[in-house]
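In what follows, a single structure is set out as structure tokens and then discussed.
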Amino acid sequence: MLNQGENTITVKATDGAGNITTVVRTVVVGLEEPAITNILPDEDINLREGDTFTVSFQAPTGGKGYFRLLMPFGLDSNEIGIPMTEEEGLYTGTWTAPAGLVVAGLKVQVVYISEYGVKVTEMAEGRITVIGNMRDLVSNSMIIGDEAFDMDFLDNDASVQRKLTEWYNTGGEVYIKLNDTTIVNEEGDLISIDELPDFITYFDVRGNVTYYEK
């Protein structure tokens with residue numbers, strides 16, 4: 001039986017002439033599952049396009065570390081993740097928010113593979129949100145105060161329809177973003193992006209939330 005750590009194995013073989021050959025080998029075995037600790041981020045982080053954040057964890061030295069952001073709607077790849085560097089048991093890696101990505105609540109998964117090939121995965125406590133530029137707010141959306149709704153979502157959600165009615169009754173302005181460059185009010189008059197709130201919470205056709213700011 002092999003034990004945890006270093007094991008010495010001696011093999012003796014005898015040929016037909018009675019000659020004995022002895023071979024000694026040292027085998028290092030890792031039987032216990034290694035632990036990942038001090039995983040960062042441990043709190044939620046908001047990013048904008050081009051912003052970078054750091055992922056890190058502590059684990060036994062000599063292994064390999066990876067991380068990946070779990071995309072919504074099952075869009076994750078099967079790749080193990082982004083390689084991390086190690087210094088005295090501290091594994092670190094960075095990720096930069098790419099152009100055009102607007103998403104909320106991404107989970108961060110870290111992966112550690114020990115020098116013995118044992119794989120451990122953990123989730124960071126912090127979630128990643130990438131806030132979009134207001135100019136990139138999705139077309140075919142109705143803007144009610146500091147919220148915007150996909151028109152199909154609004155047509156099929158009674159609570160949003162009630163919110164729209166209540167907003168109308170208080171005299172609130174309603175805007176519609178028709179395409180990438182055109183925003184109009186109820187009368188069809190063009191309005192400037194400057195008339196929109198500084199920060200908008202957007203609900204897509206499935207009710208998923210993302211955020212936009214000026």
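The values are calculated or read from the model by the stated rules, or taken from the named source; none is laboratory data. Predicted, not measured: the structure shown is a model, and the values here were computed from it. We place every Cβ from the backbone using ideal geometry, glycine too, and count neighbours over all the protein chains shown.
Applying the set (1) touching a residue at least 60 places away in the same chain (Cβ under 8 Å); (2) in a strand (DSSP E or B) to MET142 leaves exactly one unmet item: (1). When restricted to residues that are of a type outside the set (Val, Ile, Thr) and either in a loop (DSSP other than H, G, I, E, B) or touching a Lys or Arg at 6+ places or on another chain (Cβ under 6 Å) (or both), segment 83-105 contains 9.
Filtered by the rule that a residue be touching a Phe, Trp or Tyr at 6+ places or on another chain (Cβ under 9 Å) and more than 26 Å from VAL103 (Cβ to Cβ), segment 174-214 gives VAL174, VAL184, ASN185, GLU186, ILE191, GLU195. Is it the case, given these coordinates, that THR61 is farther than 14 Å from GLU125 by Cα, out of contact with any Ser or Thr (no Cβ under 9 Å at 6 or more places or on another chain) and modelled with pLDDT of 95 or more? So THR61 fits the description; yes. The residue that is surrounded by the fewest Cβ atoms within 10 Å (Cβ to Cβ), counting only those in segment 124-148 that are touching an Asp or Glu at 6+ places or on another chain (Cβ under 8 Å) and among the hydrophobic types (A, V, I, L, M, F, W, C), is MET134. Go through the residues of segment 106-123 one by one and say whether even a single one is surrounded by 13 or more Cβ atoms within 10 Å (Cβ to Cβ), of a type in the set (Ser, Thr, Tyr) and assigned to a loop (DSSP other than H, G, I, E, B). Yes, there is a match, as at least one residue in segment 106-123 is surrounded by 13 or more Cβ atoms within 10 Å (Cβ to Cβ), of a type in the set (Ser, Thr, Tyr) and assigned to a loop (DSSP other than H, G, I, E, B).
Is there a residue being touching an Asp or Glu at 6+ places or on another chain (Cβ under 7 Å) and touching a residue at least 60 places away in the same chain (Cβ under 8 Å) anywhere in segment 149-170? Lay out the reasoning, then the answer.
Residues of segment 149-170 that are touching an Asp or Glu at 6+ places or on another chain (Cβ under 7 Å), as a first pass: 150, 153.
Add one more test, that the residue is touching a residue at least 60 places away in the same chain (Cβ under 8 Å), and what stays is none.
Within segment 149-170, not a single residue is touching an Asp or Glu at 6+ places or on another chain (Cβ under 7 Å) and touching a residue at least 60 places away in the same chain (Cβ under 8 Å).
Among residues of segment 92-105 being in contact with a Ser or Thr (Cβ under 8 Å, 6 or more places away or on another chain) and over 27 Å from GLN161 (Cβ atoms), the one that is surrounded by the fewest Cβ atoms within 10 Å (Cβ to Cβ) is THR96.
For VAL55, the test of being at pLDDT 90 or above, out of contact with any helix residue (DSSP H, G or I) (no Cβ under 9 Å at 6 or more places or on another chain) and either surrounded by 10 or more Cβ atoms within 10 Å (Cβ to Cβ) or closer than 30 Å to GLU213 by Cα (or both) is passed.
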